[in-house]
Amino acid sequence: AFMNRSTCYLIIEEAELCLHDCVEALKILGGKAHVLDIIISTPMRAKIYIRMATAYCQLGGQNNLKLSLAKLQNASTVDPNNDVINADIARIEQSIGAHEQKRNADTAFGHGLVEESIGLYNQAIAIDDTLLQAYSNRSAAFFVSTQYANCIKDCSFVLDALKKATHSMGI
């Protein structure tokens, strides 16, 4: 029941409630001692970790991406030959790298190193071209460096992406 409800919470984007149900399901599985229970619980445990990873991704932010990665690594430990899990791990690692590069760019921009920050934002975007914060922050750097056409291009890209996201959510 916890597993099924956690899936429903993911669908309606109630990530914190999903995480709660996943923790409860893991507690129940942790109490199993019979061999048959362990055989049955292994695929369930992998599914729970995957749901938790997805919930952390829904919450967003670099710290939650790292938590998502940890849960996917747990799932990979339970199901080491699962190519989908391993591909998701690679994708999350890539996204974390892009966030770290964006953070470096933010620091450079904060120190007045505008051209350097633009280069670092470019690197972050090259790693993950869906990282809207990198485009948005790069637009500010373009503005400061009087590259107004590039500023407008980045702002327009972000606005279009947000418009598509709100339409897909029915907003």
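Some notes on this structure:
- Counted by Cβ distance under 12 Å from residue 153, the other residues give a net charge of -1, where Lys and Arg count +1 and Asp and Glu count -1.
- At least 15 Å along the helix axis (C-alpha) and Kyte average at least 0.5, DSSP helices within the chain: 15-30, 35-59, 114-127
- Listed cross-link partners 102/164; 27/71; 27/66 are compared with a 19 Å cut-off, the Cα-Cα value being larger for 102/164; 27/66.
- Computed [θ] at 222 nm, helices only, for the chain once each DSSP H run of length n ≥ 4 contributes -39500 (n - 2.57): -28500 deg cm²/dmol
- Label point distance in nm, residue 122-residue 162, each placed 7 Å from Cα along Cα→Cβ: 2.6 nm
- Between residue 144 and residue 73, the contour length at 0.36 nm per residue exceeds the alpha carbon distance by 21.4 nm.
Read-outs throughout are calculated quantities, based only on the coordinates presented, and are distinct from any laboratory measurement. No experiment lies behind these values; they were computed from the predicted model shown. Don't worry about glycine lacking a Cβ; one is built from the backbone with ideal geometry, like all the others, and counts go over all protein chains shown.
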